[in-house]
1. Can you give the Kirkwood hydrodynamic radius for the chain, in Å, rounded to one decimal and based on Cα pairs?
2. Quote to one decimal, in nm, the extra length available between K307 and H250 on full extension: 0.36 nm per residue of separation minus the C-alpha distance between them.
3. Rolling a 1.4 angstrom probe over the protein heavy atoms, how many square angstrom per residue are accessible across the chain?
4. Please go through the residue pairs K22/K168; K47/K84; K64/K158; K18/K264; K128/K185 and name each one whose alpha carbons sit more than 26 Å apart in this structure.
5. Order these peptides, 226-239, 109-122, 81-94, 200-213, by their mean beta-carbon neighbour count within 10 angstrom, highest first.
6. For S137, what accessible surface area do you get with a 1.4 Å probe? Give it in Å², rounded to 10.
7. Would you mind getting me the FRET efficiency between A205 and D167? Use the beta-carbon distance for r and R0 = 41 Å, nearest 0.05.
8. Write down, largest first, the equivalent ellipsoid semi-axes of segment 102-212 in whole Å, where each equals the square root of 5 times an eigenvalue of the alpha-carbon gyration tensor.
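The values are calculated or read from the model by the stated rules, or taken from the named source; none is laboratory data. The shown structure was predicted, so the numbers you read here are calculated from the model rather than taken from an experiment. Cβ sites come from the backbone with ideal geometry, for glycine too, and all protein chains shown count toward neighbours. Note: accessible area is taken over every heavy atom of the protein model, side chains too, but ligands, DNA and RNA are not part of it. Shrake-Rupley method; radii C 1.70, N 1.55, O 1.52, S 1.80 Å.
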Amino acid sequence: MGKATAMARAHTNIALVKYWGKADTDLIIPMNNSFSLTLDHFYTDTKVTFSNDLQADEFILNDKQQETTKITPFMNLVRQMANKNCFAKIESTNHVPTAAGLASSASAYAALAKAASVAAGLNLSDIKLSRLARRGSGSACRSIYGGFVEWLKGFDDKSSYAVPFMDKVDWPIQMIAVVVNAQEKKIGSRAGMQTVVETSPYYDAWIQQTAKDIVAIKEALLAQDIDKFGQIAEENAMKMHALNLSASPHFSYFEPASLEVMQKVAELRSQGISCYYTMDAGPNVKIICLKKDTPAILAALGTMFNKEQLLVASPGPGVQLLDC
(Lines give C-alpha, C1' and ligand atoms only; values in the text may rest on other atoms or scores of the structure.)
Protein backbone atom coordinates (compact mmCIF):
# COMPACT_ATOMS: atom_id res chain seq x y z
CA MET A 1 0.00 0.00 0.00
CA GLY A 2 1.46 3.39 -1.02
CA LYS A 3 -0.64 5.84 1.00
CA ALA A 4 -3.56 5.62 3.40
CA THR A 5 -5.22 8.74 4.79
CA ALA A 6 -7.94 9.64 7.28
CA MET A 7 -9.00 12.84 9.04
CA ALA A 8 -10.91 13.24 12.30
CA ARG A 9 -12.28 15.92 14.60
CA ALA A 10 -12.48 15.59 18.37
CA HIS A 11 -13.69 18.09 20.94
CA THR A 12 -12.19 18.95 24.29
CA ASN A 13 -13.81 17.86 27.51
CA ILE A 14 -13.74 19.51 30.90
CA ALA A 15 -13.73 17.27 33.96
CA LEU A 16 -16.39 18.14 36.50
CA VAL A 17 -15.09 15.49 38.87
CA LYS A 18 -11.35 15.56 38.30
CA TYR A 19 -8.73 12.91 37.68
CA TRP A 20 -5.52 14.00 39.38
CA GLY A 21 -2.92 11.28 39.72
CA LYS A 22 -1.90 8.06 38.01
CA ALA A 23 -1.72 4.54 39.38
CA ASP A 24 0.39 3.58 36.34
CA THR A 25 2.30 6.37 34.61
CA ASP A 26 3.28 4.28 31.57
CA LEU A 27 -0.22 3.02 30.74
CA ILE A 28 -1.89 6.19 32.10
CA ILE A 29 -4.17 4.38 34.51
CA PRO A 30 -5.77 6.92 36.88
CA MET A 31 -6.13 6.68 40.63
CA ASN A 32 -9.85 7.49 40.49
CA ASN A 33 -12.83 7.62 38.15
CA SER A 34 -13.64 11.01 36.62
CA PHE A 35 -16.70 12.66 35.07
CA SER A 36 -16.65 15.21 32.26
CA LEU A 37 -18.58 17.28 29.73
CA THR A 38 -17.48 17.37 26.08
CA LEU A 39 -17.67 20.93 24.70
CA ASP A 40 -18.63 22.09 21.21
CA HIS A 41 -16.50 25.26 21.06
CA PHE A 42 -13.01 23.72 21.38
CA TYR A 43 -11.77 21.03 19.03
CA THR A 44 -8.83 19.57 17.12
CA ASP A 45 -8.76 18.47 13.47
CA THR A 46 -6.10 15.89 12.64
CA LYS A 47 -5.15 14.26 9.34
CA VAL A 48 -2.96 11.15 9.29
CA THR A 49 -1.31 9.81 6.16
CA PHE A 50 0.72 6.60 6.22
CA SER A 51 3.24 6.48 3.41
CA ASN A 52 6.01 4.12 2.33
CA ASP A 53 7.91 7.19 1.11
CA LEU A 54 8.51 8.56 4.63
CA GLN A 55 11.72 7.83 6.53
CA ALA A 56 10.25 8.91 9.89
CA ASP A 57 7.02 10.26 11.35
CA GLU A 58 6.31 13.92 10.61
CA PHE A 59 4.18 16.11 12.87
CA ILE A 60 2.80 19.50 11.87
CA LEU A 61 0.74 21.44 14.43
CA ASN A 62 -0.95 24.68 13.40
CA ASP A 63 1.20 24.78 10.24
CA LYS A 64 4.47 24.48 12.19
CA GLN A 65 6.82 21.48 12.17
CA GLN A 66 7.04 19.85 15.61
CA GLU A 67 9.20 17.27 17.32
CA THR A 68 7.81 13.72 17.23
CA THR A 69 9.12 12.65 20.66
CA LYS A 70 5.61 12.15 22.06
CA ILE A 71 3.79 11.35 18.82
CA THR A 72 5.97 8.48 17.56
CA PRO A 73 5.49 6.21 20.63
CA PHE A 74 1.74 6.67 20.21
CA MET A 75 1.92 5.94 16.48
CA ASN A 76 3.96 2.83 17.30
CA LEU A 77 0.94 1.54 19.26
CA VAL A 78 -1.23 2.02 16.17
CA ARG A 79 1.35 0.35 13.92
CA GLN A 80 1.58 -2.59 16.31
CA MET A 81 -2.22 -2.99 16.38
CA ALA A 82 -2.46 -2.79 12.58
CA ASN A 83 0.71 -4.79 11.87
CA LYS A 84 2.08 -1.88 9.84
CA ASN A 85 5.66 -0.70 9.63
CA CYS A 86 5.50 2.49 7.54
CA PHE A 87 5.68 6.00 8.96
CA ALA A 88 3.00 8.69 8.95
CA LYS A 89 2.57 12.39 8.39
CA ILE A 90 0.35 13.95 11.06
CA GLU A 91 -1.20 17.34 10.31
CA SER A 92 -3.13 18.84 13.19
CA THR A 93 -4.97 22.10 13.81
CA ASN A 94 -5.90 23.05 17.36
CA HIS A 95 -8.96 25.27 17.73
CA VAL A 96 -8.10 25.70 21.41
CA PRO A 97 -5.09 27.23 23.19
CA THR A 98 -2.43 24.53 23.64
CA ALA A 99 -1.29 23.45 27.15
CA ALA A 100 -3.22 26.24 28.88
CA GLY A 101 -5.61 24.15 30.96
CA LEU A 102 -8.32 24.01 28.30
CA ALA A 103 -7.91 20.29 27.55
CA SER A 104 -6.11 20.63 24.21
CA SER A 105 -4.36 17.28 24.73
CA ALA A 106 -7.73 15.56 25.17
CA SER A 107 -9.06 16.66 21.79
CA ALA A 108 -5.64 16.22 20.18
CA TYR A 109 -5.13 12.57 21.08
CA ALA A 110 -8.78 11.62 20.59
CA ALA A 111 -8.61 13.02 17.03
CA LEU A 112 -5.25 11.36 16.45
CA ALA A 113 -6.50 8.00 17.73
CA LYS A 114 -9.46 8.06 15.36
CA ALA A 115 -7.60 9.33 12.29
CA ALA A 116 -4.55 7.11 12.79
CA SER A 117 -6.53 3.94 13.48
CA VAL A 118 -8.77 4.43 10.43
CA ALA A 119 -5.83 5.34 8.18
CA ALA A 120 -4.09 2.18 9.40
CA GLY A 121 -7.08 0.08 8.37
CA LEU A 122 -8.38 -0.59 11.87
CA ASN A 123 -12.08 -0.55 12.72
CA LEU A 124 -11.99 -0.03 16.47
CA SER A 125 -15.01 -0.06 18.76
CA ASP A 126 -15.56 3.07 20.86
CA ILE A 127 -14.14 1.31 23.93
CA LYS A 128 -10.99 0.22 22.10
CA LEU A 129 -10.65 3.70 20.62
CA SER A 130 -11.04 5.19 24.10
CA ARG A 131 -8.33 2.88 25.42
CA LEU A 132 -6.01 3.89 22.57
CA ALA A 133 -6.62 7.62 23.08
CA ARG A 134 -5.87 7.18 26.80
CA ARG A 135 -2.33 6.08 25.95
CA GLY A 136 -1.67 9.52 24.46
CA SER A 137 -3.38 11.62 27.14
CA GLY A 138 -5.55 10.30 29.93
CA SER A 139 -8.40 12.76 29.45
CA ALA A 140 -8.46 12.00 25.71
CA CYS A 141 -10.29 8.75 26.43
CA ARG A 142 -13.33 10.86 27.43
CA SER A 143 -13.29 12.95 24.21
CA ILE A 144 -14.25 9.88 22.17
CA TYR A 145 -17.81 10.54 23.33
CA GLY A 146 -20.12 13.53 23.34
CA GLY A 147 -22.05 14.98 26.27
CA PHE A 148 -21.41 13.70 29.78
CA VAL A 149 -18.82 10.94 30.09
CA GLU A 150 -17.29 8.82 32.86
CA TRP A 151 -13.77 7.43 32.75
CA LEU A 152 -13.68 4.08 34.53
CA LYS A 153 -10.22 3.93 36.09
CA GLY A 154 -9.89 0.16 35.82
CA PHE A 155 -6.70 -1.56 36.88
CA ASP A 156 -4.90 -2.34 33.61
CA ASP A 157 -4.80 -1.36 29.95
CA LYS A 158 -7.86 -3.39 29.03
CA SER A 159 -10.13 -2.21 31.86
CA SER A 160 -9.37 1.54 31.85
CA TYR A 161 -11.58 3.44 29.38
CA ALA A 162 -14.40 5.96 29.19
CA VAL A 163 -18.11 5.31 28.69
CA PRO A 164 -20.92 7.73 27.81
CA PHE A 165 -23.28 8.66 30.63
CA MET A 166 -25.51 11.08 28.69
CA ASP A 167 -24.46 11.63 25.09
CA LYS A 168 -27.57 13.55 24.05
CA VAL A 169 -28.00 16.42 26.50
CA ASP A 170 -31.44 18.07 26.63
CA TRP A 171 -30.48 20.32 29.54
CA PRO A 172 -29.57 23.92 28.48
CA ILE A 173 -26.30 23.83 30.38
CA GLN A 174 -23.40 25.94 29.16
CA MET A 175 -19.81 26.62 30.10
CA ILE A 176 -18.10 29.99 29.76
CA ALA A 177 -14.34 29.66 29.40
CA VAL A 178 -12.58 32.74 30.74
CA VAL A 179 -9.17 32.74 29.05
CA VAL A 180 -7.09 34.47 31.71
CA ASN A 181 -3.84 33.41 30.05
CA ALA A 182 -3.59 31.44 26.80
CA GLN A 183 0.16 30.81 27.16
CA GLU A 184 1.58 27.37 27.88
CA LYS A 185 1.53 26.66 31.60
CA LYS A 186 4.83 26.42 33.50
CA ILE A 187 3.97 23.21 35.35
CA GLY A 188 2.62 20.43 33.13
CA SER A 189 -0.26 18.24 34.28
CA ARG A 190 1.80 15.06 34.36
CA ALA A 191 4.53 16.54 36.54
CA GLY A 192 2.06 18.32 38.80
CA MET A 193 -0.15 15.36 39.51
CA GLN A 194 2.77 13.03 40.15
CA THR A 195 4.19 15.43 42.73
CA VAL A 196 0.79 15.46 44.43
CA VAL A 197 0.45 11.66 44.46
CA GLU A 198 3.91 11.26 45.97
CA THR A 199 3.84 14.05 48.56
CA SER A 200 0.37 15.34 49.50
CA PRO A 201 -0.74 14.08 52.94
CA TYR A 202 -4.36 14.50 51.86
CA TYR A 203 -4.30 12.35 48.73
CA ASP A 204 -6.11 9.32 50.20
CA ALA A 205 -8.98 11.57 51.30
CA TRP A 206 -9.18 12.95 47.75
CA ILE A 207 -9.62 9.46 46.29
CA GLN A 208 -12.45 8.69 48.72
CA GLN A 209 -14.17 12.01 48.03
CA THR A 210 -14.09 11.75 44.23
CA ALA A 211 -16.03 8.47 44.40
CA LYS A 212 -18.76 10.23 46.41
CA ASP A 213 -18.71 13.26 44.10
CA ILE A 214 -19.35 11.16 40.97
CA VAL A 215 -22.42 9.52 42.52
CA ALA A 216 -23.74 12.90 43.68
CA ILE A 217 -23.11 14.79 40.43
CA LYS A 218 -24.89 12.10 38.40
CA GLU A 219 -27.92 12.46 40.66
CA ALA A 220 -27.85 16.24 40.25
CA LEU A 221 -27.55 15.90 36.47
CA LEU A 222 -30.50 13.55 36.20
CA ALA A 223 -32.54 15.91 38.40
CA GLN A 224 -31.30 18.90 36.34
CA ASP A 225 -30.43 20.62 39.61
CA ILE A 226 -27.94 23.29 38.49
CA ASP A 227 -27.12 24.44 42.03
CA LYS A 228 -26.31 21.00 43.38
CA PHE A 229 -24.52 20.10 40.15
CA GLY A 230 -22.44 23.28 40.12
CA GLN A 231 -21.60 23.12 43.81
CA ILE A 232 -20.22 19.59 43.50
CA ALA A 233 -18.12 20.53 40.46
CA GLU A 234 -16.79 23.72 42.09
CA GLU A 235 -15.88 22.02 45.35
CA ASN A 236 -14.24 19.11 43.56
CA ALA A 237 -12.05 21.51 41.57
CA MET A 238 -10.99 23.41 44.68
CA LYS A 239 -10.11 20.17 46.45
CA MET A 240 -7.88 19.27 43.51
CA HIS A 241 -6.12 22.62 43.69
CA ALA A 242 -5.82 22.27 47.47
CA LEU A 243 -3.81 19.10 46.82
CA ASN A 244 -1.36 21.18 44.78
CA LEU A 245 -0.94 23.61 47.67
CA SER A 246 -0.34 20.71 50.06
CA ALA A 247 2.32 19.04 47.87
CA SER A 248 6.07 19.29 48.38
CA PRO A 249 7.18 21.45 46.71
CA HIS A 250 3.79 23.15 46.69
CA PHE A 251 2.59 24.85 43.51
CA SER A 252 -0.45 26.61 42.10
CA TYR A 253 -2.06 27.23 38.73
CA PHE A 254 -3.94 30.28 40.02
CA GLU A 255 -3.18 33.74 38.69
CA PRO A 256 -4.56 37.01 40.12
CA ALA A 257 -7.17 37.18 37.35
CA SER A 258 -8.26 33.59 38.11
CA LEU A 259 -9.12 34.64 41.66
CA GLU A 260 -10.93 37.72 40.39
CA VAL A 261 -13.17 35.51 38.23
CA MET A 262 -13.93 33.24 41.19
CA GLN A 263 -14.86 36.26 43.30
CA LYS A 264 -17.10 37.60 40.53
CA VAL A 265 -18.88 34.23 40.26
CA ALA A 266 -19.49 34.20 44.02
CA GLU A 267 -20.82 37.77 43.77
CA LEU A 268 -23.20 36.83 40.95
CA ARG A 269 -24.43 33.87 42.98
CA SER A 270 -25.20 36.17 45.89
CA GLN A 271 -27.36 38.14 43.45
CA GLY A 272 -29.40 35.05 42.58
CA ILE A 273 -27.64 33.89 39.41
CA SER A 274 -26.84 30.17 39.46
CA CYS A 275 -23.23 29.96 38.30
CA TYR A 276 -20.24 27.95 39.50
CA TYR A 277 -16.60 27.72 38.50
CA THR A 278 -14.19 24.92 37.80
CA MET A 279 -10.48 24.95 36.94
CA ASP A 280 -8.10 22.36 35.58
CA ALA A 281 -4.29 22.43 35.42
CA GLY A 282 -4.01 26.01 34.22
CA PRO A 283 -5.14 29.54 35.16
CA ASN A 284 -8.24 29.64 32.96
CA VAL A 285 -11.60 29.47 34.69
CA LYS A 286 -14.66 27.70 33.35
CA ILE A 287 -18.07 28.89 34.56
CA ILE A 288 -20.95 26.42 34.68
CA CYS A 289 -24.39 27.94 34.15
CA LEU A 290 -27.70 27.65 32.35
CA LYS A 291 -28.14 29.25 28.92
CA LYS A 292 -30.69 31.78 30.23
CA ASP A 293 -28.08 33.22 32.63
CA THR A 294 -25.20 33.38 30.14
CA PRO A 295 -25.90 36.96 28.91
CA ALA A 296 -25.91 38.36 32.46
CA ILE A 297 -22.68 36.57 33.34
CA LEU A 298 -21.00 37.76 30.14
CA ALA A 299 -22.10 41.31 30.88
CA ALA A 300 -20.58 41.16 34.36
CA LEU A 301 -17.32 39.70 33.04
CA GLY A 302 -17.26 42.15 30.14
CA THR A 303 -16.06 44.88 32.49
CA MET A 304 -13.02 42.74 33.36
CA PHE A 305 -12.09 40.98 30.11
CA ASN A 306 -12.16 41.44 26.34
CA LYS A 307 -14.80 39.62 24.33
CA GLU A 308 -12.09 37.39 22.84
CA GLN A 309 -11.33 36.10 26.35
CA LEU A 310 -14.92 34.98 27.00
CA LEU A 311 -15.79 31.81 25.08
CA VAL A 312 -19.22 30.21 25.41
CA ALA A 313 -19.53 26.45 24.95
CA SER A 314 -22.40 23.98 25.03
CA PRO A 315 -22.39 20.17 25.16
CA GLY A 316 -20.46 18.86 22.16
CA PRO A 317 -20.34 15.68 20.05
CA GLY A 318 -18.00 12.72 20.13
CA VAL A 319 -15.11 12.12 17.75
CA GLN A 320 -16.03 12.02 14.06
CA LEU A 321 -14.39 11.33 10.72
CA LEU A 322 -14.04 14.22 8.27
CA ASP A 323 -13.64 14.25 4.50
CA CYS A 324 -9.96 14.57 3.64
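1. 19.9 Å is the Kirkwood radius here.
2. Stretched fully, the K307-H250 segment lengthens by 17.2 nm.
3. 43 Å²
4. Violating the 26 Å limit, Cα to Cα: K22/K168; K64/K158; K128/K185.
5. 109-122, 226-239, 81-94, 200-213
6. Ignoring ligands and nucleic acids, S137 comes out at about 10 Å².
7. It comes out at approximately 0.80.
8. 25, 19, 18
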